[in-house]
Structures are given as C-alpha cells and as structure tokens.
C-alpha cells in the first residue's frame with residue numbers, strides 16, 4: 001500500500017505574529033503578547049522572532065523579559081482575532097484538501113494524498129506553495145512538515161523554524177528522528193519525559209526499542225500506540241474537515257484582579273464569562289445541556305460542580321443556570337480568586353428550530369447582539385455592569401475553546 005502524504009502546518013509565534021501583521025505600529029519591533037501584571041498574570045504568552053533573538057522566553061515574567069530586552073513592546077491577547085485568523089487559515093488549507101484536522105488555533109494536519117493527481121504537485125511542492133500564500137495573504141509565516149504519518153509530519157514542522165518545509169520520508173525517518181530527544185514528539189509531556197529520563201531512556205530510538213509490556217506498564221494503550229507510530233506501523237487517519245465531531249466542551253475562565261466574595265461581584269464575573277462561552281457556542285452553532293462551574297479560593301482550593309439541564313445557548317440562559325448552580329453549593333463566605341464556566345454535552349442546533357412565541361423580542365435581541373460581536377469584536381457590546389472593576393475585557397487570563 002502506498003504511503004499517504006500528510007502535512008503539518010504550524011504558524012510561527014502565532015499570537016505575536018497576528019498582532020504584528022494586523023498592527024502597523026509593531027513592525028520591526030520586539031513584541032510579546034502578555035498577561036497583565038495587575039491581574040497576577042504578568043507572564044510572556046508569546047513572542048515574535050525579534051524578541052526571541054534577545055532571549056525572551058514564553059512563560060517568564062514580563063520584568064525578566066524586559067531586563068533582557070528593554071525595548072520590548074508588550075500587548076494584551078486578542079483571542080477573538082486569533083480565532084478569526086485561524087478560520088481564514090483553514091479556508092486556505094481547504095483549497096488543497098478536505099481532509100484537515102486542527103490541532104490548535106495555529107496548527108493543522110492536512111492529508112493531501114487525494115489531491116496529488118489533480119494538483120500535479122508533490123507534498124513538498126504543496127507545502128512550499130502554502131507557505132508562500134500564507135506570507136502573501138496574512139503577513140506571517142508557517143513551518144510545514146511533510147511525511148507519511150501525522151506524528152512525523154508534526155515533528156517535521158518543529159525541526160526547522162521559522163518559515164521552512166521539512167520532509168521526513170519512509171526511507172530516512174529513522175536516521176532523521178531516532179537520535180532526537182524523546183520529548184521532541186507529541187505525546188510525551190514533561191512528567192513522562194522526566195520519568196523516562198530517570199530510567200536513562202532519552203531518545204526516540206531508545207523508546208522504540210523498549211519491550212511493549214514495559215511501555216504498557218507505564219503508559220498503557222496510549223504508549224503502545226505511540227511506539228507503533230514511531231516505528232512507522234500506525235495508519236493515521238485524518239477526518240474530513242466538514243465531518244469533525246463537535247468539541248466535548250466549550251469553556252472560559254479568568255483570575256480576578258482582586259479577591260471577590262459577595263454574590264454580586266461573583267455574578268458580574270460569571271456574566272462576563274458566559275458571554276464568551278455563548279459567543280463560541282454561537283460561532284459553532286452549538287447548544288449545551290451540561291454546565292460546570294469551578295471556583296478557586298484565594299488559598300487555591302478548588303470547588304467544581306456540574307449540573308445537567310435543558311439545552312441552552314444564550315449568554316443569559318448560561319449565566320442564569322451558572323448562578324443557580326453556584327447558589328446550590330457556595331455560601332459566599334470564602335474569597336474567590338478564579339472562576340471558570342464550561343458547557344458540555346454539546347450538539348448542533350437544528351437551523352429550523354421552533355422559536356418561542358412569547359420570547360420573540362429576546363431572541364431577536366440575542367441575534368442582533370451576536371451579529372455585532374461577530375463583526376466588531378466581543379468587547380464592543382456586553383451586559384451593562386461594572387464587571388471591568390474585576391476583569392480587563394481585552395486581557396483575559398485564559399480562554400480555551402475546548403477542554
């Protein structure tokens with residue numbers, strides 16, 4: 001059976017690259033996307049190549065980065081913009097194949113095997129063409145790995161950055177990869193890597209040579225499959241982009257500027273978070289029937305509760321159910337420093353659904369608000385309150401489309 005041709009496209013320094021390509025004032029400057037020091041999240045989230053050349057690292061404190069690079073320009077994250085650019089990238093990839101699997105906002109696998117004949121190009125030629133189109137249309141760069149499997153395509157995109165195409169072929173994949181550190185591959189996180197290092201297993205090749213029963217004792221089925229992939233024996237399947245199953249959940253969370261305690265303060269933060277969750281659900285045409293609320297105290301103790309409800313989608317409904325759930329377990333005696341709202345049990349909304357006769361005005365209002373947010377940004381219209389006293393709307397602590 002002939003090998004597949006799989007690409008992995010990875011935007012170089014995604015958050016920072018988007019900021020620089022959409023803001024002319026940042027051109028030719030060292031730039032970092034950061035949290036806000038007043039919000040206890042004063043760390044580097046992403047940096048551009050120029051900032052990287054000064055030694056600026058993701059995860060370090062802003063003050064540390066500015067010691068290395070005093071001229072560093074810091075900007076807050078704009079997650080809605082990143083999602084918009086991500087969708088436009090997907091549209092570009094769809095010009096080459098329908099078989100696309102997003103790994104993150106800035107990463108995608110593409111199976112171009114069915115496209116080789118009608119495009120009359122090799123996998124490397126397609127990758128090079130995509131790189132040039134991304135530079136032309138978006139103003140930033142991608143690195144692309146080309147291989148016969150997902151794991152080696154991903155590894156290829158990591159090997160040479162920025163703006164490069166790296167091929168890892170069947171005939172040379174062992175020579176190219178088996179001497180690389182084990183944590184070079186997706187699937188080996190820091191904890192697992194530390195565990196293997198203690199057993200003097202440091203490279204991909206050393207992992208491949210392990211007995212299957214030994215790997216099974218440490219990682220179970222996941223480890224056995226990983227070993228098969230690294231041996232080149234696993235058949236990777238990339239789904240049709242239009243058939244990808246919905247995410248298991250959609251959530252948003254934040255750390256508050258100050259510790260909050262009373263119900264009104266908590267409700268204001270919840271209202272803000274529910275707006276973000278509802279926006280993401282609307283963009284995917286989802287409704288959900290399970291809500292989860294997580295509260296973290298100022299002593300870092302977590303309280304997480306879930307409740308199955310009727311299918312809901314609007315920010316008002318989500319906020320109402322979130323507060324009902326919080327009231328059921330919280331006595332408002334402890335200080336809260338972080339809140340997270342998550343909707344799960346998601347399903348696509350039937351576009352022909354029957355709208356409520358008695359709630360026509362609210363339905364129209366919600367649709368209008370959603371249109372404004374989609375076109376001009378989620379921070380341009382929101383529920384009136386002084387929530388901004390707890391949250392900076394443009395500098396969220398964390399936003400994850402799925403968990």
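Taking the range 1-25 as the range and being more than 23 Å from residue 127 (Cα to Cα) and touching a strand residue (DSSP E or B) at 6+ places or on another chain (Cβ under 6 Å) as the test, the residues that pass are 19, 20. For residues in the range 123-134 being surrounded by 14 or more Cβ atoms within 10 Å (Cβ to Cβ) and free of Cβ contacts under 8 Å to residues at least 40 places away in the same chain, which is farthest from residue 156 (Cα to Cα)? Checked the range 123-134; the qualifying residue farthest from residue 156 (Cα to Cα) is 129. Do we find a residue being modelled with pLDDT of 90 or more, buried (at least 18 other Cβ atoms within 10 Å of the Cβ) and in the same structural domain as residue 338 (by TED's automatic domain parsing) anywhere in the range 300-307? Checking the range 300-307: not a single residue is modelled with pLDDT of 90 or more, buried (at least 18 other Cβ atoms within 10 Å of the Cβ) and in the same structural domain as residue 338 (by TED's automatic domain parsing). Buried (at least 16 other Cβ atoms within 10 Å of the Cβ) and at positive phi, is that true of residue 163? So residue 163 passes the test. The number of residues in the range 277-298 being over 11 Å from residue 343 (Cβ atoms) and either free of Cβ contacts under 8 Å to residues at least 24 places away in the same chain or in contact with a strand residue (DSSP E or B) (Cβ under 7 Å, 6 or more places away or on another chain) (or both) comes to 6. Can you tell me which residues in the range 313-324 are surrounded by fewer than 19 Cβ atoms within 10 Å (Cβ to Cβ) and closer than 13 Å to residue 292 by Cα? Within the range 313-324, 320, 323, 324 qualify. Collect the residues in the range 152-181 that are within 22 Å of residue 53 (Cβ to Cβ) and within 23 Å of the chain's Cα centre (by Cα), keeping them in residue-number order. Correct list: 157, 158, 159, 160, 161, 162, 163, 164. The set of residues from the range 135-173 being in a loop (DSSP other than H, G, I, E, B) and free of Cβ contacts under 8 Å to residues at least 60 places away in the same chain comprises 160, 164, 169, 171, 172.
Look at residue 236 and say whether it is assigned to a loop (DSSP other than H, G, I, E, B) and either within 29 Å of residue 49 (Cβ to Cβ) or out of contact with any strand residue (DSSP E or B) (no Cβ under 6 Å at 6 or more places or on another chain) (or both). Here the answer is yes, as residue 236 does meet what is asked.
The values are calculated or read from the model by the stated rules, or taken from the named source; none is laboratory data. Since the model is a prediction, treat every value here as computed from it, not as a measurement. So basically every Cβ, Gly included, is an ideal-geometry build from the backbone, and we count neighbours across all protein chains shown.
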